[in-house]
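**Q** I am attaching a structure below and will ask some questions about it afterwards.
The values are calculated or read from the model by the stated rules, or taken from the named source; none is laboratory data. Fair warning: this is a prediction, and the values are worked out from it, not measured in the lab. Note that we place each Cβ from the backbone using ideal geometry, even for glycine, and neighbour counts take in every protein chain shown. We work out accessible area using only protein heavy atoms, side chains counted, and drop any ligands, DNA or RNA first. Shrake-Rupley method; radii C 1.70, N 1.55, O 1.52, S 1.80 Å.
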Amino acid sequence: MTRRLLESMAFPKDTQVNPIALAEAVTEAFPVCSVVGGRGEQELRFVAPAGLVVVISATGVQCFAEPPPPLEAEDAEDEAEEDEEDEDDDDPQATAEGVLMHVAAVLGLEEEDEGGDTAAPDDAADRRATAIVAALLAEGLLELVTPRSRAQVEGRLAHLLAHGVHNPGALAESIADCSGVAEFYADDAQMAAVLGKAR
């Protein structure tokens, strides 16, 4: 089975993280069907969306889309497919973003910036995300499904930037995986150039 990275977040170097405790916090807030692993890493598989896998380690969180294993009961499989088609909430990407926001809240990462600089990092990430998307559109490297999709792409990009994700490849992959993106043509080098211009 092939995994496709949806979202990722690296913890600040000085953050003490217990993957087991963090996995438990995620299972309390989201419909998780199984947790496997040890002290070093915890892998969570979700009930809904069924294709979401979250890997929690001491250094960060990675969210993957992975085709779920085939179900033995055909009726159960049919029900799962119907649920996926009928419910927009069963979007692995949206759930992955929710997991990362929940993890950040549990660890208090968003609160660490309190003391005068609270709004600056988020505002800066929003402005930079807007500039990056504008540059990608202007250079013909990005095509959206509808004009309304721009807000989705900017929001995802701002979220990643605010959480310390600056790798051109990771950002490009996350943009390409947005449901509102029709085509994404930028390779890592082109993405790096756009990021440089949008600083």
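**Q** Quick one: in segment 18-29, which of the residues that are touching a strand residue (DSSP E or B) at 6+ places or on another chain (Cβ under 8 Å) and hydrophobic (A, V, I, L, M, F, W, C) is nearest to Glu43 (Cα to Cα)?
**A** So, considering only residues that are touching a strand residue (DSSP E or B) at 6+ places or on another chain (Cβ under 8 Å) and hydrophobic (A, V, I, L, M, F, W, C), the one nearest to Glu43 (Cα to Cα) is Ala23.
**Q** I would also like to ask the following. Could you list, in sequence order, the residues of segment 1-37 that are among the acidic types (Asp, Glu), assigned to a helix (DSSP H, G or I) and surrounded by 13 or more Cβ atoms within 10 Å (Cβ to Cβ)? Steps first, please.
**A** Taking segment 1-37 first, the residues among the acidic types (Asp, Glu) are 7, 14, 24, 28.
From the residues that got through so far, the ones that are assigned to a helix (DSSP H, G or I) too are 24, 28.
Within segment 1-37, Glu24 is the sole residue that qualifies.
**Q** Pairs please, first residue from segment 160-174 and free of Cβ contacts under 8 Å to residues at least 12 places away in the same chain, second anywhere and open to solvent by 20 Å² or more (accessible area, probe 1.4 Å) and assigned to a helix (DSSP H, G or I), Cβ atoms under 9 Å, 6+ apart in sequence or on different chains.
**A** So the pair list comes out as Asn167/Asp188.
**Q** Among the listed residues Asp83, Asp88, identify the single one that is out of contact with any Phe, Trp or Tyr (no Cβ under 8 Å at 6 or more places or on another chain), within 20 Å of Ser174 (Cα to Cα) and at pLDDT below 85.
**A** Values: Asp83 fails: within 20 Å of Ser174 (Cα to Cα).
Criteria check complete, one pass: Asp88.
**Q** Sticking with this structure for a sec: For segment 38-50, what are the residues that are surrounded by fewer than 17 Cβ atoms within 10 Å (Cβ to Cβ) and closer than 23 Å to Gln93 by Cβ?
**A** Filtering segment 38-50 for residues surrounded by fewer than 17 Cβ atoms within 10 Å (Cβ to Cβ) gives 38-41, 47.
Passing the criteria: Glu41, Val47.
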